[in-house]
Each structure stands twice: as C-alpha cells, then as structure tokens.
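Since the structure comes first, as structure tokens, the remarks are kept for the end.
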Amino acid sequence: MNAADLAKKLYEKFGELLSGSAEFRGELTLTVADAERIVEICAFAKRELGFDFLVDVSSVDNYGDDPRWTIVYELYGVVHRQYLRLKTNVSEEKSELPTITGVWRTADWHEREIYDMMGIRFRGHPDLRRIIMWEGYPYFPLRKDFPLAGKPSEMPDVAFSKTAPSEGGPFVTAPGGKDAIEREPRVRTPEN
C-alpha cells in the first residue's frame, strides 16, 4: 500500500475536513481545513493507517496573509515505509490549536519549540513552556516580523543585555565569496 492509497482512506473517513492534496517529488501532502479536528485525524492516521512515527511538527509564518501560520505534521509508517504530510492553518487572532501529545508523546518538544519561537499555543499540552528562550522573554524570534537586528533584552546575566544580531553575527554564513570556506562562519572574524 502506498501513500496515495493511505491518503484515500483518510479522504473516505474525513473527506469534509480535508480541503486539498498535493504531490511533489513523490511526497504527498493533505491540507486539514479545520485545525480543531487535527487530533482526530492524527489518531486515525496512527491507529488505522499505521503512521506510528511522528517525524516532525513545524510551523510556517505566512506573515501578511491570513491565516498567518501553517502547522506541518510529518508522519511515517515504520511497517509500510510510507510518508504523509498533514498541514493545517491557524489564524493570528486565534493562535491556538489542540495538542497531539495524546497521539504521539514525541510531539511534546516539537510543540514547545513552536510555542517558544512562533507564539502558537497548543491547548491541552502537558507542559507548554519555553524550551529555547528563557521564561519571561517577551518575543517570538522566528516570526517574520521579528527584526534581523534582534531586540534588546532586559534580562542581564541570562543571555544578551544588548541587541543580539542575527544578520552578520558570528554564526551566520556570509553571502558571496569565492568558495564555501570563505563563507563558513567559523573562519570569519569581526574584521572580515
């Protein structure tokens, strides 16, 4: 059974909730129209279709468009060796959807990272707190409206007390250059 056959079973069960599908380079993506039903769809995909491994959960900031965010679930079935991608959209006004940690416990850290970096909340999550930035940090650094130059922090001795730049910082690959070694962040010094 291939990914298209498995997706067909999802359409048979949840046809009204799936607003579209796309295939690119052999990878199948289904769009879930109602983010509130994502748990039900994921549970069916795991229990009935054999997608027993959650590879990743990620988020895309569609800044300037509505809905603002797209949440992407990458599923894999160990037995049948098929991949399936589910996408759902979340508006900026709502900025919340249900957690899937009850389906796959590994969603825990993925959802915490999305909350920490994008500010999207996962209702029902067992421990929704920051995982990268410190508690009390008022911004969400992976949003497209977060400035590349960074923002000043009021948390001295925790991280930066000055603006922490992303562009041109020591760990950002320099554009151009004659070869990869010249673009490599490790060889760059502040004088370069």
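Throughout, read-outs are computed from the coordinates displayed, never taken from laboratory work. Keep in mind that what you see is a predicted model, and the values were worked out from it rather than measured. Note that we place each Cβ from the backbone using ideal geometry, even for glycine, and neighbour counts take in every protein chain shown.
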Figure the gain on full extension for V72 and E12 (residue separation times 0.36 nm, minus the Cα-Cα span) and round it to one decimal in nm. 19.5 nm
Given K8/K94; K8/K87; K87/K151; K94/K144; K8/K46, the pairs whose alpha carbons are separated by over 23 Å: K8/K94; K87/K151
Explain nothing, just compute: Karplus ³J(HN,Hα) = 6.51 cos²θ - 1.76 cosθ + 1.60, θ = phi - 60°, for every residue of the stretch 27-35 in order, whole Hz, x for Gly and Pro. 9, 9, 10, 10, 9, 8, 5, 10, 4
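Sum up the charges of everything whose Cβ sits under 12 Å from the Cβ of E93, counting Lys and Arg as +1 and Asp and Glu as -1, but leave E93 out.
Values: positive: R68, K94; negative: D66, E92, E96.
Its environment carries a net charge of -1.
Please give the net charge around E40, taking every other residue with its beta carbon less than 15 angstrom from that of E40, where Lys and Arg add +1 and Asp and Glu add -1.
Values: positive: K9, K13, R37, K46, R47, R123; negative: E12, E16, D34, E36, E48.
Taking every Cβ under 15 Å from that of E40, the sum is +1.
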Full-extension gain in nm, F44 to R25, via 0.36 nm per residue minus C-alpha separation: 4.3 nm
